[in-house]
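Please read the structure below before turning to the comments.
The values are calculated or read from the model by the stated rules, or taken from the named source; none is laboratory data. As the structure is a computational prediction, the values presented were derived from the model and not from experiment. All Cβ positions, glycine included, derive from the backbone under ideal geometry; neighbour counts span all protein chains shown.
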Amino acid sequence: MNRIHNMRNRMLASAGMFLAVFLFAVTVPHVVPAQTIPETQPESTSAETQPSSEASTEVSTETGTKASGEASREEPVESLYFRIDDSHRYEGMSSSYRDGYLPEVSNGRAILILPLRADGEVSGRRITASPELGGTENSPFVFRNYQQTVEEQTLRVEDSGEEIPLYPVRFELELSPERRNGVYPVMVTVNAKGADGTPFTQTFNSYITITDGKSNEEEREAEVPELSTEAETRPESLPLLYVENSTLTPGEISAGEEFVVKASLRNTSKTQNIRKIVISVSTESDEITLLEQSNTIYWERMKAGENRELPLHFRAEQAIPVGKYHIRLEMSYDNEEAVSMSSSGDIAFSVTQPMRIQGEFPTIASSVNAGDTFTLAFQAVNLGRSAAYNVRFELEADGLSPNGSAYVGNLEGGTAGQAEMKVFAGAKENTDGERYGSTSGTMTMIYEDENGKEYREEVYFKTDIQELVIRAASAEPEEKTNTSWWWLAAGVVLLAIIGLVAAGRRRR
């Protein structure tokens, strides 16, 4: 009996030891080697996170300097100037400008021709010309858009057959059925760009004489506008001093900047001099300041047919609204017979407000994980007085794929706007076999002014794309198989122990 009892105790001890080894084995975790899957992109991205570690950034606004930080070198800007070819007659002209060209008026239309020659290189060899017809009240013209783009052409001179390259500006101005007889000024504005892209503006004044319209005694006396004379009969036409053309420097005038207007004045008479010339300068806005010592200029004499340049300096004040403005020249003078006369001319120009848009860019983390998607928040603030249009942010970097532009929209002066962008971190494509690691790129703020001119501000960044690492797909089935085997063995041992205990009790 003691032998059986001792045998049972030994079997229980062995079973207890076996059970202890089993429990130790199943409680220690199995380490399965990780596998690298460099080109696997998960079907669904992880939760969107904003990286917390910061990376250094470098800001560069596109102002003509290189992005690398090299100092820009100032190059001489070639001057540009247009002049009327006044010594030749071209198709559609009854005479040259030197011989007294007058625009043709017939069949309800006035045809104005300006054969312009460029002194200096014109970008694209094309210009934009548009006529200003004055106020609508009592105007003989039908108002519509007459603006046109004119390309350089080689035209044949009517009298000699010579071929000359020029810009043939030709307007067919439709006349109103209610037009009145008289002489009407037309100011033509020419816009172009120099070889370096610098904008250039120049104006030309012309006069159209209407003789087929309605007439009365008052209109017949006013056929020469703003021209007064004491004599009732003249053996020849009286001299007329008028603004032939004008140039503005710079071509685009911004609020807060100074600019120069050069007006070209001509005595139209071929035989009569004029003297005691008084020119009064005025502007229609208090925000346009004349910088000369006086607004009155005095010339003692101008010869017959003489053309003289009048330079005037102005400043557009900072608070001036965006728009078109005029400078008016009132001219009084005497002819050789001491007959007092007067005339006037307008010079038109546009003023813009400088764009002052401040972009606030997010910080890209120093490292991101491949396969993650993160969100970037942008903000734009308009610190200027002019509206900014189509404000948006874009991101470009090898290995980073944004879901599109972060579009803010239009911003009036003194307002701000926000936008977000989602960016997916993947493998790089533009490197020699290096799928992950360091990458760099740009975040760019883009916006436009009211004329469609585009502005850009860029922020440069660097980050490191960490390689995507996940567990092997076969590890889990293997672990499940090993665990099932251990549980089966434990069950067998446990049943054996229970059987032995039961057998010992029956014998007892």
Here the residues within the stretch 160-193 that are closer than 30 Å to V260 by Cα and either outside the structural domain of S130 (by TED's automatic domain parsing) or in contact with a Ser or Thr (Cβ under 6 Å, 6 or more places away or on another chain) (or both) are P165, V183, V186, M187, T189, N191, K193
Name the single residue, out of those in the stretch 250-276 being modelled with pLDDT of 90 or more, assigned to a strand (DSSP E or B) and among the polar types (S, T, N, Q), that is nearest to the chain's Cα centre (by Cα). S264
How do the pairs read when you match residues in the stretch 132-153 that are over 20 Å from N245 (Cα atoms) and in the same structural domain as R179 (by TED's automatic domain parsing) with residues anywhere that are part of a loop (DSSP other than H, G, I, E, B) and at pLDDT 85 or above, using Cβ under 7 Å and keeping only pairs 6 or more apart or on different chains? T136/F143; P140/S176; P140/R179; F141/S176; V142/S176
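With of a type in the set (D, E) and touching a Ser or Thr at 6+ places or on another chain (Cβ under 7 Å) as the only criterion, which of D346, D334 stands out? Before the answer, list the steps.
Details: D346 fails: touching a Ser or Thr at 6+ places or on another chain (Cβ under 7 Å).
Among D346, D334, only D334 is of a type in the set (D, E) and touching a Ser or Thr at 6+ places or on another chain (Cβ under 7 Å).
Okay, residues lined up against (1) over 30 Å from the mean Cα position of the chain (by Cα); (2) basic (K, R); (3) in a strand (DSSP E or B):
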{"site": "D99", "(1), (2), (3)": "yes, no, no"}
{"site": "I111", "(1), (2), (3)": "yes, no, yes"}
{"site": "A129", "(1), (2), (3)": "no, no, yes"}
{"site": "S139", "(1), (2), (3)": "yes, no, no"}
{"site": "V150", "(1), (2), (3)": "no, no, yes"}
{"site": "T154", "(1), (2), (3)": "yes, no, yes"}
{"site": "P165", "(1), (2), (3)": "yes, no, yes"}
{"site": "E172", "(1), (2), (3)": "yes, no, yes"}
Flagged pairs (Cβ under 9 angstrom, 6 or more apart or on separate chains; first in the stretch 188-213, crowded, with 20+ Cβ neighbours inside 10 Å; second among the basic types (K, R)) are A192/R126; F200/K193; I210/R179; I210/R180
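Matching residues to (1) more than 22 Å from S344 (Cβ to Cβ); (2) modelled with pLDDT of 85 or more; (3) not aliphatic (A, V, I, L, M):
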position	(1), (2), (3)
E163	yes, yes, yes
Y167	yes, yes, yes
E172	yes, yes, yes
S176	yes, yes, yes
T189	no, yes, yes
T198	yes, no, yes
F204	no, yes, yes
Please indicate, with yes or no, whether at least one residue in the stretch 364-378 is in the same structural domain as K270 (by TED's automatic domain parsing) and among the acidic types (D, E). no
So which strands (runs of 3 or more DSSP E) are wholly in the stretch 300-395 and hold at least 3 residues that are over 27 Å from S282 (Cβ atoms)? 357-360, 367-369, 373-382
